[in-house]
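Reading through the structure tokens given below for one structure.
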Amino acid sequence: MKKRYQDIYDASIKNPEKFWKEISEDIFWYKKPTKILNKSNPPFYKWFEDGVTNSCYNALDYHIENGKGDKTALIYDSPITNNKAKFSYNELKEKVSKFAGALDNQGVKKGDRVIIYMPMIPEAVVAMLSCGRIGAIHSVVFGGFASNELASRIDDSKAKILITASCGFEPGRTVEYRPLVDGALKLSKHKIEKVIFYQRKGHEVKLNSPIEISWDEALSNSKNMDCVEMKANEFSYILYTSGTTGVPKGIVRDIGGHIVALKWTMKNIYNIDDNDIWWSASDIGWIVGHSYIVYAPLFKGCTTILFEGKPVGTPDAGVFWRIISDYKVKSLFTAPTAFRAIKKEDPDGKFFTKYNLSSFKSLFLAGERADPDTIKWAENLLKVPVIDHWWQTETSWAISSNCTGIDMQKTKYGSACKAVPGYDVKVLKSDKSIAKPNEMGDIVVKLPLPPGTFPTLWNADERYKKTYMSNYEGYYQTYDAGHIDEDGYIWIMSRTDDIINVAGHRLSTGAIEEVLSEHQSVAECAVLGIADKLKGQLPIGLVVLKAGVKKENETISKECIQMVRDKIGPVAAFKVVIVIKRLPKTRSGKILRGTIRKIADKEEYKMPATIDDPAILKEIEEDLKKNNILK
Ligand code: COA
Ligand code: AMP
């Protein structure tokens with residue numbers, strides 16, 4: 001008989017080593033681990049320390065050796081370019097081993113870092129897997145980030161090679177990568193040795209420097225490479241994510257635990273079997289894309305879809321239904337924003353009725369809070385379970401979810417369901433005591449974290465310890481706040497740091513403030529995330545000018561907006577800057593960002609006891625009204 005969720009969960013918490021040892025039997029190891037968990041140096045835990053394996057082997061070769069070489073591994077569907085392609089496990093392995101040879105020719109060795117700054121094309125997946133094949137560490141940078149962000153990742157990772165493309169496509173505009181790459185190479189102190197350009201047909205760029213080489217040229221004399229044996233705790237990738245300061249944090253992933261955990265999630269969380277078709281409509285630049293476009297489905301040996309398009313406008317709000325119907329997708333994973341966008345464009349689901357979705361069994365949402373209205377709308381339309389689950393770049397897989405492959409829990413709208421086996425989730429109050437059911441507090445996870453989560457930050461052990469593991473000793477601090485109810489359901493209510501979630505993209509308001517502060521006329525500023533019906537949150541900037549500034553306010557606002565676009569990138573969706581006279585502060589000088597946000601969102605707020613001058617709040621309210629923020 002199938003074990004139920006509670007039994008499995010309890011077993012994972014009571015004896016994590018036994019639990020994960022059994023699960024680790026399901027992956028390919030050159031040498032099976034005998035040491036399951038090294039706890040000798042908390043908070044630096046090591047899973048499967050003496051195991052030897054390879055990510056790419058588990059994603060490709062393993063399935064081929066098990067007779068599945070002809071099965072489709074990857075489906076590429078690009079409504080934005082009208083291209084489609086399918087790659088079997090054999091074909092994908094051929095491409096990957098050949099490109100691994102190209103990287104080898106360029107001098108990339110085990111442990112070297114390779115930046116991948118590419119659109120959603122199969123070559124991006126090939127590049128990621130090729131790194132794994134030869135033991136290089138990839139760091140994918142989302143295409144919506146600008147040169148500055150790319151440069152900071154080059155400098156921090158000290159990458160040897162950068163792989164990019166001639167362009168990407170966004171609705172209505174072509175994203176030229178060359179100027180962005182050139183800008184980053186100028187800004188970065190660390191020098192990249194080679195830039196490999198994938199030339200998109202009809203949009204080729206001229207290569208004009210000795211360090212540049214085209215993808216095809218790099219492949220021209222490459223030989224197929226086999227997988228190298230990697231120790232379980234060596235790193236497979238670095239994925240930078242917003243930190244509380246402008247300096248992004250390099251989340252690292254080790255190899256063994258990553259394969260073990262992600263493969264397990266495909267069946268247990270998502271109920272996906274080898275013969276199923278799975279689709280994660282995210283971008284490989286984000287953690288959801290890493291884990292659920294590329295790694296987990298390929299470790300599982302099922303078929304994954306790479307979608308280069310948007311939920312609306314490519315060409316219409318029916319494209320998700322078209323993909324599900326064309327490829328007989330069993331489950332889709334996306335951000336609530338995508339569904340809000342479809343709902344806005346096609347509230348009555350007219351496009352939906354054109355397609356046959358009989359294969360479709362469940363929809364998973366994550367990346368930001370899923371509002372009950374959107375969940376209910378999707379349930380009504382799709383007539384399948386819609387599952388909100390919660391996770392972070394740091395963990396690479398869900399901390400809480402309805403584990404549909406174990407057994408279905410009932411939905412509580414607004415909750416991200418229960419802790420996934422492996423995560424001992426607690427809510428702690430500011431006095432560090434454990435909150436009672438339904439009491440709000442900081443959401444933490446008792447250490448050790450399960451396999452596949454982040455063992456440290458790239459070259460920043462102290463930052464790892466200080467940022468995540470110090471405020472509550474023995475726990476990982478998620479920086480999400482909320483509560484757990486009497487049935488064990490987890491409710492994620494807000495972030496406790498400066499992170500905001502814009503269309504499911506994680507951004508730091510602190511980083512945007514750093515950019516605004518660089519404007520010559522700006523004396524001080526505050527950036528806050530205000531509620532937005534489509535994108536969940538949107539950043540707005542409030543700036544106070546230096547004395548004697550003559551420029552028009554409108555000009556300054558425009559310049560500030562452009563600076564954020566140039567320095568962080570269009571993904572910040574930063575479109576509003578309001579010039580104000582003064583910012584509300586505490587007597588000790590701390591800007592009352594939380595109070596301003598509440599005013600902007602028309603939430604009730606208490607007058608902060610320590611406020612310097614309460615009249616400023618009225619002024620701010622007026623300014624927000626004048627600028628149509630407060631309607
Ligand atoms: N490369 C370059 N630019 C990009 C980009 C990329 N990969 N992705 C987004 N951008 C740009 C957009 O073109 C837009 O630029 P603009 O200011 O010139 O219009 C800007 O970044 C903001 O993008 P976005 O927030 O995505 O807004 P949008 O209006 O283009 O699209 C949605 C709205 C709802 C369609 C879109 O946000 C979406 O698909 N959301 C789903 C989110 C998601 O998948 N998140 C992944 C985490 S699970
Ligand atoms: P990222 O690291 O980009 O995946 O962003 C992680 C953050 O997104 C979390 O810390 C949460 O603040 C938010 N988040 C992710 N999933 C959910 C969810 N299901 N409900 C509420 N917030 C979420």
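The values are calculated or read from the model by the stated rules, or taken from the named source; none is laboratory data. For clarity, every value in this text was computed on a predicted model and none was experimentally measured. Using ideal geometry, Cβ is built from the backbone for each residue, glycine included, and neighbour counts are taken over all protein chains shown. Accessible surface areas use protein heavy atoms only, side chains included; no ligands, DNA or RNA. Shrake-Rupley method; radii C 1.70, N 1.55, O 1.52, S 1.80 Å.
General remarks:
- Rough spin-label spacing in nm, given labels placed 7 Å along Cα→Cβ, for N15 and S214: 6.0 nm
- Beta bridges by DSSP in the chain, antiparallel share as percent, to the nearest 5: 60 percent
- Net charge dipole size for the range 147-222 [Lys, Arg +1 and Asp, Glu -1 on Cβ; Debye, nearest 20]: 120 debye
- Formal net charge of residues neighbouring D61 (Cβ-Cβ distance under 10 Å; K, R +1; D, E -1): 0
- Projected-area mean, the range 105-231, by convex hull of Cα positions, square nanometres: 7.9 nm²
- Excluding same-chain neighbours fewer than eight residues apart, the aspartates and glutamates reachable from K98 by a Cα-Cα span under 20 Å are D61, E65, D70, D112, E123, E212, D216, E217, D226, E229.
- Inverse of mean 1/r across different Cα pairs in the range 385-469, Kirkwood, Å: 14.5 Å
- One Cα centroid belongs to the range 196-270, the other to the range 596-612; the line between them spans 44 Å.
- Global geometry of the range 213-326, whether rounded, prolate or oblate, following the gyration tensor of its Cα atoms and the 1.5 cut on a/c: rounded
- The residues packed around P171, meaning those with a beta-carbon under 14 Å from its beta-carbon, carry a net charge of -2 if Lys and Arg are +1 and Asp and Glu are -1.
- Within the same chain, aspartates and glutamates fewer than 8 places from K575 are excluded, and of the rest, those with a Cα less than 12 Å from its Cα are E559.
- The range 503-626 has equivalent-ellipsoid semi-axes of 22, 19, 13 Å, by the square roots of 5 times the alpha carbon gyration tensor eigenvalues, sorted largest first.
- In this simple spin-label approximation, E622 and K186 carry label points 7 Å from Cα along the Cα→Cβ vector, and these lie 4.4 nm apart.
- Percent carbon-and-sulfur accessible area, the range 491-631, ignoring ligands, DNA and RNA, probe 1.4 Å: 51 percent
- Gyration tensor (alpha-carbon) shape descriptor, the range 55-159, a/c threshold 1.5: oblate
- Within the chain, helix-based [θ] at 222 nm, where runs of 4 or more DSSP H residues each add -39,500 (n - 2.57), nearest 500: -8500 deg cm²/dmol
- Protection proxy ranking for 11-21, 549-559, 402-412, using the average of other Cβ atoms within 10 Å per residue and placing the highest first: 402-412, 11-21, 549-559.
- Rg followed by Dmax, in Å, when the chain is reduced to its Cα trace: 24.1, 77
- Length released on extending from M440 to K71, taking residue separation times 0.36 nm less the Cα-Cα span: 128.0 nm
- Rounded if a/c under 1.5, otherwise prolate or oblate - the range 307-413, Cα gyration tensor axes: prolate
- When the Cα positions of P385, G51, G482 are compared along the charge dipole of the chain, G482 comes out farthest toward the positive end, with charges on each C-beta of Lys, Arg, Asp and Glu.
- Pairs over the 32 Å Cα-Cα cut-off, from the set K376/K465; K535/K606; K46/K410; K68/K465; K46/K376: K376/K465; K46/K410; K68/K465; K46/K376.
- Net charge over other residues, Cβ less than 14 angstrom from the Cβ of G135 (K, R count +1; D, E count -1): +1
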